[in-house]
Amino acid sequence: MEGALTARDRVGIQDFVLLDETTETAFLSNLKKRFSKDLIYTYIGTLLVSVNPYKELDIYSKKQMDIYMGVNFFELPPHIYALADNAYHTMLTEFNNHFILISGESGAGKTEASKKILQYYAVSCPSTTLLNTVRDKMLKSNPVLEAFGNAKTLKNDNSSRFGKYMDIQFDSQGDAVGGHILNYLLEKSRVVHQNHGERNFHIFYQLVEGGEDDLLHQLGLERDSLHYNYLTQGECAIVFSINDKNDWKTVKNALQVIDVDEINTDHLFGIVASVLHLGNIQFDSDSKGQALLNNNAELRWVSNLLGVDAHILQEGLTFRKIEANKDQVLSPFTIDHAIYARDALAKAIYGLTFTWLVNRINGSMENKDSSRKTVIGLLDIYGFEVFYVNSFEQFCINYCNEKLQQLFIQLTLKAEQEEYEAENIEWEPVQFFNNKIICDLVEEKHRGIISILDEECLRPGDATDLTFLERLEEKMGNHPHFVTHKLADKMTRKTLERGDFRLLHYAGEVTYCVVGFLDKNNDLLYRNIKDVSLQFCTLLCETENMRWRGGLVATQFKSSLLKLTEILMAKEAWYIRCLKSNESKQPGQFDEALIRHQVKYLGLMEHLRVRRAGFAYRRKYEVFLKRYKPLCPATWPHWRGVPADGVEELVQHLGYLPNEYKMGRTKIFIRHPRTLYATEDAYEKCKHELGECKSAMKIFQLQAKYKGYKARKERERRAWAVKVIKRFIKGYMTRGQAKTTDNSEYLAFVRQNYLNRLKENLPKTVLDKTTWQAPPAVLAETSEILRKLHYRLMVRKYVRGITPQKKTQLQLKLVTSSIFKGKKDTYPQSVAQPFVDTRISISVSNLTDGMIVFHITCEDPKEKGDLVMQCDHLFEFLTKLSVIANKQSAIKVVQGSIKIEIQAGKESAVDFSTGQEPMVYKAKNGHLMVVS
């Protein structure tokens, strides 16, 4: 808050609590002003409001993380790192559990916020190899869960279609040592059907578009999403803003990090492929209207990939097994029933796979140490959803948001009331919308919508979606938050279809179409299809305690939410409220109407009013006094008494009126921001004046201190110099004696000096026997050892530098030495000269003649040139010659003509041709002509 005070005149107010007016207009104006300057974070006390900018901002670097580590919450501008860091340090200080609730509409940035917090903890927590492994798994679980649990919707390219709560476990030192994920209500219906403009779960497209050719071949898949019925329902299989190929690589890498081995990875992708094959199974009708399978190829792929019996699978997709007097009877399906069975199996398989995947991630992050740990929970759960057509999934999602809003209000009010009670400040009632009436409408036992839905699913007879709607109308007829076409007035009836009901949520009205409610809530499999599912379970989870759980989905979800709220109520709460800046996901656009709607349904104004509760600012006496004590002579520079008395003295001096503040047990409460701003302005002015006075005094003080410092340093330097010189002279005088304290430093100097001179004047070649520094007596033995070592090193370098060509020359020199040394007078002069390679080459023609040309290099014009000779045994002669000389490459077979050098610089040629008889003669062109 102090940071907000200092920066309040720059771009809006950093903390909404310090707004002069707590109106919606002032709230939106402040939000817009900050958003226009890319300031996407603003506080309401310790709650963080985040507006999605739909562009990359340079505020998430390692440098930014370092800035926020260990800093008081209100010292720096609002940031998600500040909230993450303060939750972490409060947990360490108080050794209690916390959770961060991230909420907002689909596309508002909840998943990204969750990632940013995980990344911050990955960098800021203490680091060891074990902990790095745990953090890697936490981070890498995200792309895997997003691939299998997220999808493109009309509002968001990466919408979470399941709820996720992650506990990050820390030991007493603050090290991240484990994690655990709970998942809620995966939207399984998306596997078999997507609305127009939406896609199935990402993993299907990643596999088809990014999978390696060999893998696709093994799975029987084609690299074309349009080939698969389950991927084309929404008619947008290819989305330019999503790179499925790159995402595929990320997911494969992440699976390795979270310890999914190659065998299980193959199983996993086999299951994904089996769902695609299932969706391509088509049915025909026989003359009796019974379903027949017409694509055995797809059936075989499903059977092979799932490891289930093909006959049982085919039977399960075309017949229903009925119990009759302890006998089992197969009743044929119609095409509609067969399609339902196929889709139900696909959803069941995918749901079980997702649960298995979450269990594997939990197993890889499990903390093996049983000692007590503290946790920070991250709740990233689906935002409130309103589509053109809203079904059972939206009903459950919006009910979840109602429960979380109820929890939010309860915890916020509770925390504020507890603080006021602890400080003996009278609580002032705050007006807010209590959504308990809506939660009861949905979840109340025997009377709520979920109970009525369950009854309709379980009752005998022909229950349908429309009979469910009729039961709702009977039970909810006069409820102020429920209306249907039948119950509505004339004007409202025009906006409702006969199969719809409308709920007035805390976030606004939502109309739900009841079509599919009973089927989706039942989540039932026909008996023999359930057998297939159980066979598949055994294949996937040989060591896992998993089974298919059919039954009433809404009730299961309600129970899960109840357990979740119990988990959250036992922890300290932190909140992040994410807002969409516009529907078109364009940077720089601030849709005021859209944001006003979100501010309303997220309860931000209620939270602000609760947080203010009549007082804009509250601070501990010690903190307030430390900041503002220069404003009162009685408290400056030190207050010696009780801090509360010092604060009272200070505010009396500043002229605070009785209705402008309250004194609590440990804190001062200031009612209006303007009072605080006036105090802050006075502080800034005083600080400036104090700074000027202090600056003048400090200049004189610094000058005197600097002079004294220089004098002391000079005295110390001279004393040191005298001591060194005396010790050096004494050491020189006793240098020839046994080693003593007096001469040891001098001898060390002598050694060092000699070694430095030697280093600069070492011999450069092995033939240099004279360049070696004469040593002092004390280093004679050492010098000789070093000399030998140096010469050995030079010899070693010389030997290592000998190339194969040079080695050959030296070997030839050795042969020459054995032949000529001491026998021929010119030999000694030849030793130092490089051995000349005469480079003789030999040419022959390609015809039947026996002519041989020896090409001999000539430098003197008087020397005779190339040698031309005739040999009847050419092959034997040249072969032996090349073996002896080891120069097979010197012989060349030439076609037509061989150039020869008669003398140095004078060339001719030998020409070759064929004729009736062999002859050799000089031709008119001067060449030697050889006819064969």
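The values are calculated or read from the model by the stated rules, or taken from the named source; none is laboratory data. These numbers were taken from a predicted model, which means no experiment stands behind them. Positions of Cβ are backbone-derived with ideal geometry, glycine not excepted, and every protein chain shown enters the neighbour counts. For accessibility, only protein heavy atoms count, side chains too; no ligands or nucleic acids. Shrake-Rupley method; radii C 1.70, N 1.55, O 1.52, S 1.80 Å.
Computed quantities for the displayed model
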read-out: Contact order normalised by residue count of the chain, Cα under 8 Å, 6+ apart, percent; value: 11
read-out: Phe319 long-range amide H proximity, modeled H, under 5 Å; value: Phe333
read-out: On Cα atoms only, tilt of 449-458 relative to the major axis of the chain in degrees; value: 80
read-out: Globularity ratio of region 402-514, using Cα Rg and 2.2 N^0.38 Å; value: 1.39
read-out: Cα gyration tensor category, rounded, prolate or oblate, for region 616-693 with a/c compared to 1.5; value: oblate
read-out: Rounded to whole Hz, the Karplus (6.51, -1.76, 1.60) HN-Hα couplings of region 262-271, x for glycine and proline; value: 4, 5, 5, 5, 4, 4, 4, 6, x, 5
read-out: Within region 840-931: Cβ-based charge dipole about Cα centre, in debye rounded to nearest 20 (Lys, Arg +1; Asp, Glu -1); value: 100
read-out: Rounded, prolate or oblate (a/c below 1.5 giving rounded, otherwise prolate when a/b exceeds b/c) for region 19-65 by Cα gyration tensor; value: prolate
read-out: Volume of the Cα convex hull of region 321-459, divided per residue and given in Å³; value: 258
read-out: Peptides 444-455, 794-805 ordered by average Cβ neighbours within 10 Å, highest first; value: 444-455, 794-805
read-out: GluC sites (Glu not before Pro) within region 4-94: DSSP coil, no more than 13 neighbouring Cβ in 10 Å; value: Glu21, Glu56, Glu75
read-out: Global geometry of the chain, whether rounded, prolate or oblate, following the gyration tensor of its Cα atoms and the 1.5 cut on a/c; value: oblate
read-out: From phi via Karplus (6.51, -1.76, 1.60), per-residue ³J(HN,Hα) for region 178-183 in Hz, x at Gly/Pro; value: x, x, 8, 10, 10, 10
read-out: Accessible-area order (highest first, 1.4 angstrom probe) of the listed residues His89, His873; value: His873, His89
read-out: Within region 223-330, GluC sites (Glu not before Pro) in DSSP loop having at most 12 other beta-carbon neighbours inside 10 Å; value: Glu235
read-out: Net charge dipole size for the chain [Lys, Arg +1 and Asp, Glu -1 on Cβ; Debye, nearest 20]; value: 6440
read-out: Nearest 10 degrees, 0 to 90: helix 80-94 Cα axis against the chain principal axis; value: 80
read-out: C-alpha long axis of helix 24-35 to longest principal axis of the chain, angle in °; value: 0
read-out: Relative packing of peptides 710-723, 32-45, 388-401 - highest average C-beta neighbours within 10 Å first; value: 388-401, 32-45, 710-723
read-out: Vicinal HN-Hα couplings computed from phi for region 195-203 (Karplus, 6.51 cos²θ - 1.76 cosθ + 1.60; Hz; Gly/Pro x); value: 5, 4, x, 10, 10, 6, 4, 3, 4
read-out: Amide H partners (placed H, <5 Å) of Met929, local residues excluded; value: Asp911, Tyr921, Lys922, Ala923
read-out: Listed pairs Lys63/Lys110; Lys188/Lys245; Lys110/Lys494; Lys249/Lys347; Lys164/Lys347; Lys55/Lys667 exceeding 31 Å between Cα atoms; value: Lys110/Lys494; Lys55/Lys667
read-out: Relative contact order computed over region 616-693 (Cα-Cα under 8 Å; 6+ residues apart), in percent; value: 39
